[in-house]
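Participant: Submitted below is the structure of interest, expressed as structure tokens.
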Amino acid sequence: MENSAFKSKIEFEKYLEDNFNYHTVSKMNFDDYRIFVIELFSRLYELKKNGLEKEHIYDFVNKYYSNVMENADDSDIMFERRFSAVIEELSEFCSSPFFWDSDLDVYFKKWDKLFQIDWFKNINLG
């Protein structure tokens with residue numbers, strides 16, 4: 001891994017730890033979450049342009065997911081949905097278009113569609 005990619009990896013991991021954890025996400029309303037997702041993937045896109053690749057953060061993302069979920073409130077369904085959605089996008093355990101292979105504008109159209117459904121807004125969908 002090149003030096004710039006390594007710095008990008010460290011920067012992204014720190015950003016996730018500081019801004020994408022149970023304490024912060026569980027307190028977000030829908031608009032806060034939407035803004036956060038846009039900011040997260042915009043930052044990550046810039047890091048990607050500097051050489052960061054999915055393989056550079058894949059292990060960290062999976063371990064981070066496990067650690068955060070272990071310490072989260074099991075009854076906080078909205079947190080689990082929101083947190084899992086972003087992690088699934090980072091690791092490409094999701095439907096296309098994939099972040100790592102897409103232009104940012106194309107990728108954000110996917111999130112625009114996701115934000116239109118109630119999944120991230122309402123726990124009682126039934």
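Participant: Working from Cα positions, state the angle (0 to 90°, nearest 10) between the long axis of helix 77-91 and the longest principal axis of the chain.
Facilitator: Rounded to the nearest ten degrees, it is 20.
Participant: Moving on. What's the exposure ranking of Asp74, Asp112, going from fewest to most Cβ atoms within 10 Å?
Facilitator: Ranked by crowding around the Cβ, least crowded first: Asp74, Asp112.
Participant: Right, next: Using alpha carbons only, how many angstrom separate the centre of region 91-126 from the centre of region 1-54?
Facilitator: Each part reduced to its Cα centre gives a spacing of 16 Å.
Participant: Residue by residue, what Karplus-based ³J(HN,Hα) values in Hz, rounded to whole numbers, does region 44-60 have, using 6.51, -1.76 and 1.60 with θ = phi - 60° and x for Gly and Pro?
Facilitator: Calculated HN-Hα couplings, in order: 5, 4, 5, 5, 4, 5, 8, x, 5, 10, 3, 4, 5, 10, 4, 5, 4 Hz.
Participant: Relative to the longest principal Cα axis of the chain, at what angle does helix 104-116 sit, 0 to 90 degrees, rounded to 10?
Facilitator: Long axis of 104-116 versus the principal axis of the chain: about 10 degrees.
Participant: Want the number for Asp73 to Ile38: 0.36 nm per residue separation, take away the alpha-carbon distance, what's left?
Facilitator: Full extension from Asp73 to Ile38 adds 10.1 nm.
Participant: Quick one, can you get me the convex hull of the C-alpha atoms of region 4-126 expressed as volume per residue in Å³?
Facilitator: Normalising the Cα hull of region 4-126 by residue number yields 101 Å³.
None of the figures in this text is laboratory data; all of them are computed from the coordinates on show. This one's a predicted model, so the numbers in the text were calculated from it and none came from an experiment. Here Cβ is always computed from backbone atoms with ideal geometry, including for glycine, and neighbour counts include all displayed protein chains.
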